[in-house]
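One structure below.
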Amino acid sequence: MFDRLARFVVRRRWLVIAAWLIAAVAIVPFSPKLGDVTNSDPASFLPDSYESAQADDLARQAFPDQSGATALLVFKRSDGAPLDKADQQLARQTAVAVGDAGIERVRAVRTGAPDQISPDGKLQLGLVSLEGTSGEEPVMDATEAVRDEAAAQLEGSDLEVGVTGEAAIMLDDRDAHDTAEKTVGMATIGLILLLLLVVFRSPVAALLPIVSIALVFLIAGSLIALVAEGFGFDVSLDLPPLLTVVLFGIGADYILFTLFRYRERLRSGARGPEALIYATGRIGEVITFAAFVVIVAFSALGLSQLGSLQTMAPGLVIGVAVMWLAGVTLIPALLSLLGPRVFWPSRSWQKNPPNPIYRRIGGVIARRPGRVALASGGLLAALAVGAVFYSADYDSINQLPSDAPSRVAYEDLRQSFPAGAIVPTQVYVSDEQPLDRSKINALATDAERPPGVASVKPPIFSPDGRTARIDVVLKDNPYSNQSLDAVAGPIRDAAHESGAGEHVLIGGQTASSADIRTATNKDFGLVLPVAAIVIALLLAWLLRSLVAPLYLLAAVMLGFAATLGFTVGAFQGIFGEPGLKSMLPIILYLFVVAVGTDYSILMTSRLREEALAGHSPRQATALGVEHGGPAVAAAGIILAGTFTALLLTGIASLMQIGFAVSSGIAIAALVMATLLVPSVTTLLGRWAWWPGHRDTTGPRPGEEQAVTHAGSDAAEVSDPSG
């Protein structure tokens, strides 16, 4: 099948290239942009079955004029001294001016109440009420206008003003992700160019992936936006930068696999179109199953309860599927135009390099598979110990760059107010009949408040008297695990047991984060095993074996645990972070398991190919590692390099994902696929391929075997071009 496809693509190269260009012209200009379907509000992705989501719905019905997003003006003197009467009056005048500025979506701006002056007198707060949710684009634009108007009103005075609160945090999160997407794009392209130049020493081979993947990226992004708009769902802000590194990283890998196999075929003496047809036919099967594994892993996200993960599935699946299609059609078509000139000016394609390092590695594994398996497996097991200390962090403020305006204003606020003042938690009490106000007032003034509560504000009643809202200010950072535990535990329990009304619901950002934590934990228990089972079935199909998938999957699971442990040690240990991004483990799992399996597929497919050619298990390992090792290593380094671009974003969550995934891919390529999997395969011998292959079968009819002596003790190291 893949040989026939390769022959068609190479023979009809102009038709294939034209089809891709026509698709780009027909789709990209007439589609929405991916940024048009993103949403920055994590709470908006919660299912309606969660209490905080139900509380938000009740708030919109009972308090339509007060249920929108809010922002906080934080006034302070530039010299840090307490505010005097004139300063407080100027703050009130500024709030009035902002409210009267005619900013769309701004309902009211209030300040001057006693509880808006800090106990130390250094800060004064102003509450900005907005129409709509904090994740809506017009609300964020309104918050930005409020920030600019307030600063303009105080220009030349001794007062400064910052803007924080949920709407301001969402605004800064959006701006940070917009900047991150551009930074990641430029850094990814630069890294791929540099690494491919080092590997192939050819500007043509370096530019080919950039040009072709850029075309795929435009088409895939447009298709994702069309699907999201057509089915009426939003995607997380994390998707665009992730999609960039996924497409450029995985795309570069697929192209790299093809270039390595094509160069190997040229080195065996083959020339003309048949050399490319052979190479793309052989590697097409590997690329296809590698892509299917990634697609299946990402599809498992569709089972998530949390919408931010669930809606990430179609985006990543579409992106990888389009990249796979390009890998088996567009890339071979472009290569057929270039031929060996793709490696210009390097002449490494004309001869085998002397004594490559992977010949020696393959020889060591073939001679001492037990020791190699013990050493590589032991290293991964040691790193995996750190995973025991993993802690999830739901703090959206700490995820922002340190210079984000809302984060700076929040740091000022928490010095003089309870940290929870930034976003109070709401207790909603409702009944079919008008509420007993004495019970509601008693609930609000109860001296025996649950742990974690700093203060409780007077209740607000709906016009029909059937719903009441009580704002609860927490002692700690409202996004911290301590606050999440308090809201999900004693505060929620006390409210439910109060008997103040028929229905009691807890809402607000902290309650939403607590429910997000619950949903994420449930997703772990569903998505991870489903992805593992389906990947195992795909491996069994590809390798025609029931044994190989078992130890391959065990190896990638160990690689995942080792990567998580290494990341925990870096961020929670060395850098002193309170925890890792809550969704990081599931993203890390999917990338390390899926991409790590890709590298294992490439290596085990080569081992199986050598075994089918009639070599003994040890000879097959030596030859397989010698020929497959350079491609796996180069692909791993390039893909890991693309994910390191996320470290430049300044967004804690993306930086953690970049560090974790790049580390995991490096571990998967250099330790797991190159050392652990071949050594275990050697130990199992022909039983590794049971029941599909146990006896040698010899080469396929008409297939030339470019057999190179393996197992040499030579210590020389080859050049990077392999």
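Computed quantities for the displayed model
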| item | result |
| --- | --- |
| Options L223, L218: the member that is touching a residue at least 12 places away in the same chain (Cβ under 8 Å), under 22 Å from F643 (Cα atoms) and surrounded by fewer than 24 Cβ atoms within 10 Å (Cβ to Cβ) | L218 |
| Selection status of R341, in contact (Cβ under 8 Å) with a residue 60 or more places away in the chain and in the same structural domain as A532 (by TED's automatic domain parsing) | no |
| Yes/no for E610 being out of contact with any strand residue (DSSP E or B) (no Cβ under 7 Å at 6 or more places or on another chain), surrounded by 24 or more Cβ atoms within 10 Å (Cβ to Cβ), in contact (Cβ under 8 Å) with a residue 40 or more places away in the chain and in a helix (DSSP H, G or I) | no |
| Unique residue being more than 12 Å from Y390 (Cβ to Cβ) and either in contact with a His (Cβ under 7 Å, 6 or more places away or on another chain) or among the small types (G, A, S) (or both) when the list is G614, G569 | G614 |
| Which listed residue, of I169, I189, is touching a residue at least 24 places away in the same chain (Cβ under 8 Å), surrounded by 20 or more Cβ atoms within 10 Å (Cβ to Cβ) and aliphatic (A, V, I, L, M) | I169 |
| Selection from segment 616-670 of residues that are more than 17 Å from M583 (Cα to Cα) and either of a type in the set (D, E) or not in a helix (DSSP H, G or I) (or both) | S616, E626, T649, G650 |
| Test result for V364, over 29 Å from the mean Cα position of the chain (by Cα), free of Cβ contacts under 8 Å to residues at least 12 places away in the same chain, within 30 Å of S663 (Cβ to Cβ) and not in a loop (DSSP other than H, G, I, E, B) | yes |
| Only listed residue being closer than 21 Å to L171 by Cα and surrounded by fewer than 19 Cβ atoms within 10 Å (Cβ to Cβ), chosen from L21, L46, L127, L73 | L127 |
| Test result for R60, assigned by TED's automatic domain parsing to the domain that holds D120 and either farther than 30 Å from A514 by Cβ or surrounded by fewer than 21 Cβ atoms within 10 Å (Cβ to Cβ) (or both) | no |
| Residue within segment 463-482 that is of a type in the set (A, V, I, L, M), under 31 Å from the mean Cα position of the chain (by Cα), crowded, with 20+ Cβ neighbours inside 10 Å and assigned to a helix (DSSP H, G or I) present | no |
| Filtered residue count, segment 256-309, keeping only those that are in contact with a strand residue (DSSP E or B) (Cβ under 9 Å, 6 or more places away or on another chain) and free of Cβ contacts under 8 Å to residues at least 40 places away in the same chain | 0 |
| Test: residue in segment 73-91 that is at pLDDT below 90 and out of contact with any strand residue (DSSP E or B) (no Cβ under 9 Å at 6 or more places or on another chain) | no |
| In segment 504-553, the residues that are charged (D, E, K, R) and part of a helix (DSSP H, G or I) | D515, R517, K522, D523 |
| Single condition Y589 does not satisfy, out of (1) at pLDDT 85 or above; (2) of a type outside the set (A, V, I, L, M); (3) assigned to a helix (DSSP H, G or I); (4) closer than 25 Å to L306 by Cα | (1) |
| Pick from segment 243-288, criterion polar (S, T, N, Q) and assigned to a helix (DSSP H, G or I), ranking: surrounded by the fewest Cβ atoms within 10 Å (Cβ to Cβ) | T288 |
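The values are calculated or read from the model by the stated rules, or taken from the named source; none is laboratory data. In this text the structure is predicted, and so the values were computed from the model without any measurement. Cβ: placed from backbone, ideal geometry, glycine included. Neighbour counts: every protein chain shown.
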